[in-house]
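Notes to accompany the following structure.
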Amino acid sequence: MLRANRKNGIIKFMETKINKIDRNQIDEELIQEAGVILKEGGLVAFPTETVYGLGANALDEEAAKKTYAAKGRPSDNPLIVHIADLEDLDEIVESVPQEAILLAQQFWPGPLTMIFQKSSIVPYGTTGGLETVAVRMPKDPIALKLILAAGGYVSAPSANTSGRPSPTDAKHVWNDLNGKIDMILDGGNVEIGLESTILDMTVTPPMILRPGAITEEMLEEVIGTVSVDKSIMGEDTNSPPKAPGMKYRHYAPKANLMIVEGDLKEQIFAIRQIAYERSREGKQVGIIATEETVGFYTKGIIKNIGSRENEKTIARNLYRVLREFDEEDVSEIYSELFAVSGIGSAIMNRLEKAAGHSRILAHDIVKKQRYRRIVFVSDSDTCRGPIAAQILKQKDLRQEYWIDSKGLVVLFSEPINQKAEAVMKSNQLSLEGYTSKPLVPKDLNPDTLILAMEQNQKDKMLSEYANQDGIYLENIYTLNEFVNDDLVLPDPYGQPLTAYGECYEKINILIDKLVTILNSFTEGEV
Ligand code: TXA
Ligand code: MG
């Protein structure tokens, strides 16, 4: 076996073996081989249901030192001892409180770590000098078999370089630790994606030091009241976290990560606005979005982290997404905010730490956004309206608007008027493939600026929708009224091509004025 050693001042790296292993059909020989490495004081990374662990013999002081060296981790940050048999617990702890037995019966094997007074056989190297020891029985059968093959006690911090997101896949381990450890057991993607819940059983009531998949509510159902270390959500900044590892700025992506706070709609508008502003400066931001919101973003590198309806998917993808952003050319990442109930509190805890607790208020960014959508309204939506929308889309706006056109009399969807298209073409634009759409009541809302081509269209909307519930009439203008110009836009329908050309020119003049007005709303933004 090759080990890292230093000869003539040159560090020689050990060869790291990576072996695929199927948890439904475990290769016993491979497990034995890995077990021997651990017994001899070597390091083996292996999957658990939470994240990949970097295994070492927990009762071997030297193996603990190697673990810290491979991870580049401060040695005052204690390791979790993993066991595979409840009977093995007695050996490494002073005593097991009754509540711990109840919790073990309920949640072991599983994503719960409990802290006890340590027994004398556990070296201080493993506990970071503490008199207490953290113990967990993982659920992944690969982990359980490996622990038994190694003699029953395997210390395993997450198998990442200190300061990087925990690995949820063997290739993350490879990227961080290749050349520094003996073996990686590649069991594919992990199930949960966030590290175990840590519960300190040495205090009364027991205290959650790190939130995870076993939630406060789940623990309380079994043993009654538990407390929560106040510092874990950054609430109590005066006292350091009780789990030494929680004080480091873990899980930090290379780019500056910021969490955008506010109601979800404002979060989306704020992130859109920032991404848009940066893209005007020729830069790209990263965006952490969800299944439900990903469609709202257009600029930047957008990653769908999972579904708000099923937060487990978010937990599973969080670290992978943070790692992926390290490969992208982004200097800033903006994340939506997630609910803090259930596993959400673990998700937000890790996200907050990755962000170094930096948050921005969505409202500060979106408060100057008077409108978000602009809809040009004509009769048939086959000429003036679509032309106006298309011209506006080409202009340099300080805010990204949804720009569209609608008609008041659209019974069937129709293509763009041919003469209108000819004029567009002569101006290097096109509406090929566009088909007309009817205005619908929900278009009339506080977010949307409605610009009619003619006075009679405005009047028609105001009378047709008067006294209807849920309809917003305050944002309806004619285009020339809104930009304060006398220029009117008569319908060129049935007239020669030159009339269409003149109409285009007039629209262009009014749109330039419109741009100036819209841009004045967001002056000095972001
Ligand atoms: O899900 C997990 O727990 C994963 C997998 C591999 O099992 N392991 C893991 O280990 O997350 P690690 O070393 O990355 O995190 C262990 C955390 C650290 O924050 C450490 O400070 C805390 O547990 N810890 C360990 N022993 C402790 C003790 N005696 N008292 C307080 N905190 C302790
Ligand atoms: Mg860790």
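Do you know which residues across region 275-293 are surrounded by fewer than 23 Cβ atoms within 10 Å (Cβ to Cβ) and among the β-branched types (Val, Ile, Thr)?
Residues satisfying the conditions are 290, 293.
Can you confirm whether region 114-129 contains a residue that is within 10 Å of ligand 1 (Cβ to nearest atom) and either of a type in the set (Asp, Glu) or under 16 Å from residue 194 (Cα atoms) (or both)?
Looking for residues that are within 10 Å of ligand 1 (Cβ to nearest atom) and either of a type in the set (Asp, Glu) or under 16 Å from residue 194 (Cα atoms) (or both), one finds none in region 114-129, hence no.
Restricting to region 71-90, give me the number of residues that are away from ligand 2 (no atom under 16 Å from the Cβ), assigned to a helix (DSSP H, G or I), under 24 Å from residue 45 (Cα atoms) and not hydrophobic (A, V, I, L, M, F, W, C).
So the answer is 1.
With region 351-430 as the region, which strands (runs of 3 or more DSSP E) entirely inside it contain at least 1 residues that are crowded, with 22+ Cβ neighbours inside 10 Å?
373-378, 402-407
With 186, 200, 182 as the choices, which residue is within 14 Å of ligand 1 (Cβ to nearest atom) and touching a residue at least 12 places away in the same chain (Cβ under 8 Å)? Full working, then the answer.
On the way: 186 fails: within 14 Å of ligand 1 (Cβ to nearest atom); 182 fails: within 14 Å of ligand 1 (Cβ to nearest atom).
When all the criteria are applied, what remains is 200.
A quick yes/no check of all residues on (1) closer than 30 Å to residue 487 by Cα; (2) among the aromatic types (Phe, Trp, Tyr); (3) over 15 Å from the mean Cα position of the chain (by Cα):
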| position | (1), (2), (3) |
| --- | --- |
| 344 | no, no, no |
| 352 | no, no, no |
| 355 | no, no, no |
| 360 | no, no, yes |
| 364 | no, no, yes |
| 369 | yes, no, yes |
| 376 | yes, yes, yes |
| 385 | yes, no, yes |
| 394 | yes, no, yes |
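Name the residues in region 130-159 that are assigned to a loop (DSSP other than H, G, I, E, B) and closer than 10 Å to residue 55 by Cα, would you?
150, 153, 156, 157, 159 - these are the residues of region 130-159 that are assigned to a loop (DSSP other than H, G, I, E, B) and closer than 10 Å to residue 55 by Cα.
Yes/no per residue for (1) at positive phi; (2) within 13 Å of ligand 2 (Cβ to nearest atom); (3) not β-branched (Val, Ile, Thr):
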| site | (1), (2), (3) |
| --- | --- |
| 122 | no, no, no |
| 134 | no, yes, yes |
| 142 | no, no, no |
| 150 | no, no, yes |
| 153 | no, no, yes |
| 159 | no, yes, yes |
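Is it fair to say residue 491 is touching an Asp or Glu at 6+ places or on another chain (Cβ under 9 Å) and of a type in the set (Asp, Glu)?
It is true that residue 491 is touching an Asp or Glu at 6+ places or on another chain (Cβ under 9 Å) and of a type in the set (Asp, Glu).
Looking only at region 282-319, filter to residues that are β-branched (Val, Ile, Thr) and in contact (Cβ under 8 Å) with a residue 40 or more places away in the chain; which one of those is nearest to residue 330 (Cα to Cα)?
285
Can you find, within region 467-507, the residue that is nearest to residue 377 (Cα to Cα) among those that are crowded, with 16+ Cβ neighbours inside 10 Å, more than 41 Å from the chain's Cα centre (by Cα) and of a type in the set (S, T, N, Q)?
478
Scanning for something within 27 Å of residue 122 (Cα to Cα), away from ligand 1 (no atom under 14 Å from the Cβ), modelled with pLDDT of 95 or more and assigned to a loop (DSSP other than H, G, I, E, B), does region 160-179 turn up at least one residue? Explain how you work it out, then say what you get.
Of region 160-179, the ones within 27 Å of residue 122 (Cα to Cα) are 160-163, 166-167, 173, 177.
This time we only want the ones that are away from ligand 1 (no atom under 14 Å from the Cβ), so: none.
Among the residues of region 160-179, not one is within 27 Å of residue 122 (Cα to Cα), away from ligand 1 (no atom under 14 Å from the Cβ), modelled with pLDDT of 95 or more and assigned to a loop (DSSP other than H, G, I, E, B), which makes the answer no.
Answer yes if at least one residue in region 364-371 is touching a helix residue (DSSP H, G or I) at 6+ places or on another chain (Cβ under 6 Å) and under 30 Å from residue 491 (Cα atoms), and no otherwise.
yes
Take the residues in region 194-210 that are touching a Ser or Thr at 6+ places or on another chain (Cβ under 6 Å) and within 13 Å of ligand 2 (Cβ to nearest atom); name whichever of them is nearest to residue 242 (Cα to Cα).
Selected residue: 198.
The values are calculated or read from the model by the stated rules, or taken from the named source; none is laboratory data. No experiment lies behind these values; they were computed from the predicted model shown. All Cβ positions, even for glycine, are placed from backbone atoms using ideal geometry, and neighbour counts span all protein chains on display.
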